[in-house]
Structures are given as C-alpha cells and as structure tokens.
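Notes to accompany the following structure.
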Amino acid sequence: MRDRAIIYLPPSTGLRREELATLDLDQIRPNLPTALRTAKTTKITGVKAKGRTSRHMFVSADARAALADYLAHERPTDAGPDSVAMFWSAASIGSRRPDGRQPPRSGNLICEQIGRWNDGEQPDPTHHISPLRPHDLRTPSSSP
C-alpha cells in the first residue's frame with residue numbers, strides 16, 4: 001500500500017523524489033483515512049522544493065484513496081504514534097534508518113520493479129517502459 005501511494009502522488013502533484021521522501025504527515029490536509037476518502041480536496045502544504053522555495057499542491061482522488069489505504073492499514077504497523085514522516089520503511093527491515101523514514105532511493109527501486117513487471121507482461125517490445133524512473137511519473141506540466 002505504501003508503494004502504491006508513492007507511485008500515485010508524483011503524477012497527481014508533481015512531487016519530486018526528494019520531496020516525497022521528506023514529506024511529513026502534518027503537511028497533508030486532511031490526513032486521516034476517513035477524511036481523505038470523503039474530502040472533495042486534499043492539499044499538501046509547505047513542500048520544500050528546489051531553491052529553498054516552498055509550494056502547495058492538491059491531490060487527485062486516486063492518490064487520496066491510495067494515501068487513505070496506506071494510512072489506515074500499513075503505516076500504523078511501521079510508524080510509532082509520535083512519528084512525523086509520511087512514508088516509513090517496513091519495521092521488519094534490518095537496515096531501516098534510525099528515524100524510520102523511507103529513503104529517496106526507494107522510489108527508484110519501486111519504479112524499476114513496476115517497469116520490469118510491465119515489460120514481462122508485454123510481448124511487444126514497443127510497449128516496454130523500462131527503465132521506469134520516478135521523474136517519468138511527474139506530469140509534463142509539473143516538470144520545470
């Protein structure tokens with residue numbers, strides 16, 4: 001569920017890999033699963049962008065649903081009650097960072113795996129998407 005939320009957010013918001021990795025739970029409004037499912041809009045505030053600027057963005061309905069699923073089912077098992085990071089590495093990972101925050105590189109690994117799965121299901125090489133990278137998920141209008 002975490003990986004699904006990580007994949008849905010960049011096309012919806014234009015978040016970069018580093019911005020996604022440093023996202024905190026309190027930057028998402030609303031940030032409770034039931035509120036995310038029923039809200040007409042969800043806003044991410046105070047994203048630290050390139051050049052030390054801060055920006056705000058809205059989240060699509062699909063990304064809201066993915067976030068709600070992650071927050072309701074997976075994040076509680078990985079994050080402590082006082083944790084601020086939005087995305088956490090699984091608690092079972094031995095090499096987990098001391099703060100538990102998902103490293104930026106994990107987005108690359110998730111995308112690479114999705115690209116391999118897609119290519120394995122597509123017999124026509126013209127439909128292959130590997131190597132898929134996080135930047136490929138950002139919408140053209142959100143790219144600089």
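The values are calculated or read from the model by the stated rules, or taken from the named source; none is laboratory data. In this text, all values refer to a predicted model and were calculated from it rather than measured experimentally. Positions of Cβ are backbone-derived with ideal geometry, glycine not excepted, and every protein chain shown enters the neighbour counts. Note: accessible area is taken over every heavy atom of the protein model, side chains too, but ligands, DNA and RNA are not part of it. Shrake-Rupley method; radii C 1.70, N 1.55, O 1.52, S 1.80 Å.
What ³J(HN,Hα) values, in whole Hz, does the Karplus curve 6.51 cos²θ - 1.76 cosθ + 1.60 give for the range 74-87 when θ = phi - 60°, with x put for Gly and Pro?
My calculation for the range 74-87 gives 10, 4, x, 7, 9, 9, x, x, 9, 6, 9, 5, 6, 9 Hz in order.
Rank these residues by their accessible area, most exposed first, probe 1.4 Å: 40, 50.
40, 50
Report the one residue of 87, 70, 58 whose Cα lies farthest in the direction of the positive end of the charge dipole of the chain (charges on C-beta: Lys and Arg +1, Asp and Glu -1; origin at the Cα centre).
In the chain, that residue is 58.
Consider the candidate values [x] 0.96; [y] 1.06; [z] 1.36; state which one is Cα Rg over 2.2 N^0.38 Å computed from the structure displayed.
Read-out taken from this structure: [y].
Can you run phi through the Karplus equation (6.51, -1.76, 1.60; θ = phi - 60°) for the range 3-13 and list ³J(HN,Hα) in whole Hz, with x for Gly and Pro?
In residue order, the calculated couplings are 4, 4, 5, 5, 6, 6, 5, x, x, 6, 10 Hz.
Could you identify which residue out of 52, 17, 101 has the top mean-square fluctuation in a GNM of the chain using Cα springs shorter than 10 Å?
Of the options given, 52 has the highest mean-square fluctuation.
Let's see if you can work this out: charge +1 on each Lys and Arg Cβ, -1 on each Asp and Glu Cβ, no other charges. What is the dipole magnitude of the range 25-88 about its Cα centre, in debye to the nearest 20? Don't skip to the end; give the middle numbers.
Values: 10 positive and 6 negative charges, 101 e Å.
For this selection, approximately 480 debye.
Counting only heavy atoms of protein chains, what accessible area per residue, in Å², does the range 1-104 have with a probe of 1.4 Å?
Result: 53 Å² of accessible area for each residue.
³J(HN,Hα) across the range 36-48 via Karplus (A = 6.51, B = -1.76, C = 1.60, θ = phi - 60°), whole Hz, x for Gly/Pro?
In residue order, the calculated couplings are 5, 6, 9, 5, 6, 9, 10, 10, 9, 10, x, 6, 7 Hz.
Ignoring ligands, DNA and RNA, how do 88, 117 rank by accessible area with a 1.4 Å probe, largest first? Walk me through the numbers before you get to the answer.
Working: 88 20, 117 155 Å².
So the residues, ranked largest to smallest area, are 117, 88.
Taking springs between alpha-carbon atoms closer than 10 angstrom, which of 122, 113, 102 fluctuates most in the Gaussian network model of the chain?
Among 122, 113, 102, the largest GNM mean-square fluctuation belongs to 122.
In debye to the nearest 20, how big a dipole does the chain give about its Cα centre with +1 on each Lys and Arg Cβ and -1 on each Asp and Glu Cβ?
The dipole of the chain has a size of about 580 debye.
Rounded to the nearest 500 deg cm²/dmol, what is the calculated helix-only ellipticity per residue at 222 nm for the chain, with -39500 (n - 2.57) per DSSP H run of length n ≥ 4?
-10500 deg cm²/dmol
Please list the non-local residues whose amide H lies under 5 Å from the amide H of residue 49, H modeled 1.01 Å from N, same-chain partners needing a gap of 5 or more.
54, 55
Of the accessible area of the chain, with the probe set at 1.4 angstrom, what percent is carbon plus sulfur?
Values: 4610 of 8240 Å².
Using a 1.4 Å probe with all protein chains present, the chain comes out at 56 percent carbon and sulfur.
Of 134, 103, 125, which has the largest mean-square fluctuation in a 10 Å C-alpha GNM of the chain?
Its mean-square fluctuation being the largest, the pick is 125.
Accessible area, 1.4 Å probe, largest first: how do 124, 119 sort?
Largest accessible area first, the list is 124, 119.
Taking 0.36 nm per residue of separation and subtracting the Cα-Cα distance, what length does fully extending residue 53 through residue 118 add? Please list the in-between numbers first.
On the way: separation 65, 0.36 × 65 = 23.40 nm, distance 3.58 nm.
So the chain would gain 19.8 nm between residue 53 and residue 118.
Going by alpha carbons, how many degrees (0 to 90, nearest 10) lie between the helix axis of 105-121 and the longest principal axis of the chain?
40
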